[in-house]
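One structure is given here, and the rest of the page talks about it.
The values are calculated or read from the model by the stated rules, or taken from the named source; none is laboratory data. All values derive from a computational prediction rather than experimental measurement. So basically every Cβ, Gly included, is an ideal-geometry build from the backbone, and we count neighbours across all protein chains shown. What goes into the accessible areas is simple: the full protein's heavy atoms, side chains included, and nothing from ligands, DNA or RNA. Shrake-Rupley method; radii C 1.70, N 1.55, O 1.52, S 1.80 Å.
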Amino acid sequence: MRNLLILLLLQVHTCAFSQEFLNLGFEHKTKGQAVPQKWRIANDGYEVSIDSVQKYQGSQSLKIESLVDSKNKVGACANSFPVDFARGKYLKLTGKIKTVAVQKGQAELWLRVDDEKDVLKPNKIHKRGVSGTQNWTKISIEVKVDTYVTEINFGAMVSGEGTAWFDDFELFVGEKKFFDLAPRLLEPTPQELTWLKKYIYPINTVDHEAPDYKDLAVLKKLTSRAQVVAFGEATHGSSEIFKLKHRMIRFLVENSNFNVFSMEANLPESYMVNQYVVNGRGNPRELIKGLYYWTWNTQEVLDMVEWMRISNKTKQFQFTGFDIQFYDGAIHNLQVSFKKQREALATVSSLKQGLDYIAYCKQGSLESIELIQQVEKVNSQLSAINRFISTSDFDDQEKKWLLQNVRITEQYIGNNQTSRDAYMAENFFWIRKQNAGSKFIIWAHNEHIKKSGFSMGKYLANALGKEYLAVGFAFYKGNYTADGNNGLNIYTAQNADIGTYEYFFNAIKVPIFILDLRAAKLDKSENGKWLQQKLGFRNVGSTKMNHEFVDTTITEDFDLLVFIRDSTNSRLID
């Protein structure tokens, strides 16, 4: 239950305060769906919907009802509050709850404040609620928000069995009530579209085999200060996004001397792909499969890797990865290096058994005294392996590599939805240190490369300043590959309606373009204010979601935005 809620809460980011639309009364529902706008839903074992029959005020409320398989699960709805308005002050959340037969759990309001001082250990969630059968009851939560706050999230939650309704949420900073605006439901004006066109650069094609790269020439100017260019993606399953990233990578390698590629893939296994890219060693299809996730096991990624191998015959180019979600590759590397050292090899074998048990517990979200003891034992073994490495006869380069593999296993143990990006940033900086003087291209999801929240991109932007360039990717319509109710399959994308950035972008009738957000942000024209407001923006990972749009401010997230009108599914390799 806790893991599900953490996952829900961390799909957001902060922005500078402005009075904005939060839909605190649940009066506005998502087009074509019975769920509220602005709210993120976690409904495993529960039905979360808008109810126009039971309500405290207005025309509707939020309803969360348990299903037959809701044991040990939670139904929740989450929203976020602009942090700059609340720093150093008291923040109070109030709301009304009505319940029918809520048992073995509670219907609750919750409020969570995270700060940058302790990113790897998120603060406690403040909760208050009711159970049983209760008429509309007012619930209030108040917390002190310190000056280090990075995210504020709040919402409604039901655990156990029963049905609850939520309505009339209010937020107060000190004694001042937050003013909840109505959503923007207006078509873009001709003046707004003319303004937008000033900052776009049309792209002719996503085809990386196209012989003419003149349409990408502007990339040289747009990336001129960058030593690290990060390419995002709105979903892990869009063929057009993957192809265009490949094309842009080719251009930067051939025209701007970028020479290290780093992917959202496990670090040790990515270096095995590098053996093929540099030396032609191994089967690229099998090596890509060895990156674990179907998201990279695609024809689009294979095409790019094979181009890297060909390119590497004339240019020195590295393939690396920075993720930490698996430990098998790290254990394999340690076993190979210590194969002639009996004591060290035995310690690594015992470490593997301990990690297997931890992985089993993580998969089932199990916590026990045995797990705590196992983690302590594994940490002791890791310390012993570090000593074996430090006192070994390995050369300095081998020692650095093995110590980093040990670090991957440590990160795996501590990995959660909050810490993962911090660890990925740490690993990227390790890769960068090993390749001094190089220029880097990063490939990851928009959520990881963005410059806000707990993202890897924020760590990189804080450390590198203007040397880090975040390039977000978006599309308007089509389909994509994802894991969902129909398994790993092709899914139709949700419509980008009025109130989303993608709706604005599509309105200028340019199928593919780069938008210079940095230049647009400096323009104080009234016609560009919408670009710096919180609007819906597609955010799909590897899983098909009921609601694909999350409200964000893209000028705070990215330096450039690449828009593609039509998306088709990525092509999986059998």
TODO: Tell me which label goes with the value of Rg/Rh (Cα atoms, Kirkwood Rh) computed from the coordinates here: (1) 1.08; (2) 0.97; (3) 1.22.
DONE: (2)
Task: Prolate/oblate/rounded label for segment 372-421 (Cα gyration tensor, a/c 1.5) - done: oblate
Open item on the list: For a quick check: with amide H placed at 1.01 Å from N, whose amide H comes under 5 Å from F475's, ignoring anything fewer than 5 positions away on the same chain?
Closed with: I564
Task: Rounded to whole Hz, the Karplus (6.51, -1.76, 1.60) HN-Hα couplings of segment 437-446, x for glycine and proline - done: x, 8, 10, 10, 10, 9, 10, 6, 6, 3
Open item on the list: Can you list residues from other chains, or at least 5 along the same chain, whose modelled amide H is less than 5 Å from the amide H of H28?
Closed with: Q37
Task: the chain, helix-only ellipticity at 222 nm - DSSP H runs n ≥ 4, -39,500 (n - 2.57), divided by all residues, nearest 500 - done: -10000 deg cm²/dmol
- [ ] Highest first, please rank the peptides 485-493, 163-171, 219-227, 85-93 by the mean number of other Cβ atoms sitting within 10 Å of their residues.
- [x] 163-171, 85-93, 219-227, 485-493
Open item on the list: Per 0.36 nm of contour for each residue apart, how much would the distance between V53 and Q275 grow if the chain were fully extended, relative to their Cα-Cα spacing?
Closed with: 73.7 nm
Open item on the list: How compact is segment 413-461 by the rule of thumb for globular proteins, expressed as Cα Rg over 2.2 N^0.38 Å?
Closed with: 1.15
TODO: For Q373 and Y90, compute 0.36 nm times the residue count separating them, minus their Cα-Cα distance, and round to one decimal in nm.
DONE: 98.0 nm
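For the chain, what does the accessible surface come to per residue with a 1.4 Å probe? Please give it in Å².
Accessible surface, normalised per residue, equals 42 Å².
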Task: Amide H contacts of T298 (H built 1.01 Å from N, under 5 Å, at least 5 apart or other chain) - done: I573
- [ ] Could you please state how large a percent of the accessible area of segment 374-452 is carbon and sulfur, counting protein chains only and using a 1.4 Å probe?
- [x] 44
TODO: Quick one: what are the phi-derived ³J(HN,Hα) couplings along segment 198-209, Karplus 6.51/-1.76/1.60 with θ = phi - 60°, whole Hz, x for glycine and proline?
DONE: 5, 10, 10, 10, x, 10, 7, 7, 9, 5, 6, 8
TODO: Give the carbon-plus-sulfur fraction of the accessible surface of segment 240-324 in %, rounded to a whole number; probe 1.4 Å, heavy atoms of protein chains only.
DONE: 43
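Suppose R0 equals 41 Å. What FRET efficiency, 1/(1 + (r/R0)^6) with r the Cβ-Cβ distance, do I310 and A463 give to the nearest 0.05?
0.75
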Task: Dipole moment magnitude, nearest 20 debye, segment 370-425 about Cα centre, only Lys, Arg, Asp, Glu C-beta charged - done: 100
- [ ] Provide Rg and Dmax in Å for segment 358-466, with only Cα atoms included in the calculation.
- [x] 16.6, 47
Task: Additional length obtainable on full extension of the chain from N489 to Y360, 0.36 nm per residue less Cα span - done: 43.8 nm
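Express the carbon and sulfur contribution to the solvent-accessible surface of segment 126-199 as a percent, rounded to the nearest whole number, probe 1.4 angstrom.
Accessible surface attributable to carbon and sulfur in segment 126-199 totals 51 percent.
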Open item on the list: Ignoring solvent entirely, what values of log10 I(q)/I(0) come out of the Debye formula for segment 247-343 at 0.19 Å⁻¹ when each Cα is a single scatterer?
Closed with: -0.90
TODO: Quick one: grab the alpha carbon gyration tensor of segment 440-522, order the square roots of its eigenvalues as a ≥ b ≥ c, and give me rounded if a/c is under 1.5, else prolate or oblate depending on whether a/b is larger than b/c.
DONE: oblate
Task: Estimated dipole of segment 185-301 in Debye, rounded to 20 [Cβ of Lys and Arg +1, of Asp and Glu -1, Cα centre] - done: 400
Open item on the list: Using the Karplus curve 6.51 cos²θ - 1.76 cosθ + 1.60 with θ = phi - 60°, what ³J(HN,Hα) values do you get for each residue of segment 77-88, in whole Hz, with x for Gly and Pro?
Closed with: 10, 10, 9, 10, 10, x, 6, 4, 6, 10, 4, x
Task: Percent RCO, i.e. relative contact order, over the chain, from Cα pairs under 8 Å lying at least 6 residues apart - done: 17
TODO: Return the distance in nm (one decimal) between the two label points of a simple spin-label model at I573 and R184, each offset 7 Å from Cα along Cα→Cβ.
DONE: 4.2
TODO: Of the listed pairs K197/K466; K220/K400; K221/K534, which have alpha-carbon separations greater than 30 Å here?
DONE: K220/K400
Task: Separation of alpha-carbon centers, segment 187-211 and segment 431-466, rounded to whole Å - done: 26
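For the chain, what is the charge dipole size about the Cα centre, in debye to the nearest 20, if Lys and Arg each add +1 at the Cβ and Asp and Glu each add -1 at the Cβ? Intermediate results must be reported in sequence, preceding the final value.
Numbers: 71 positive and 66 negative charges, 149 e Å.
Taking the Cα centre of the chain as origin, the dipole is about 720 debye.
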- [ ] Work out which helices of the chain, taken as complete DSSP H runs, extend at least 20 Å along their axis over the Cα atoms and score a mean Kyte-Doolittle of 0.0 or more, then list them.
- [x] 369-390
Open item on the list: Students often check this: by mean Cβ neighbours within 10 Å, which of 547-559, 337-349 ranks highest, and how do the rest follow?
Closed with: 547-559, 337-349
- [ ] Could you work out the relative contact order of segment 167-266, using alpha carbon pairs under 8 angstrom and six or more residues apart, expressed as a whole percent?
- [x] 26
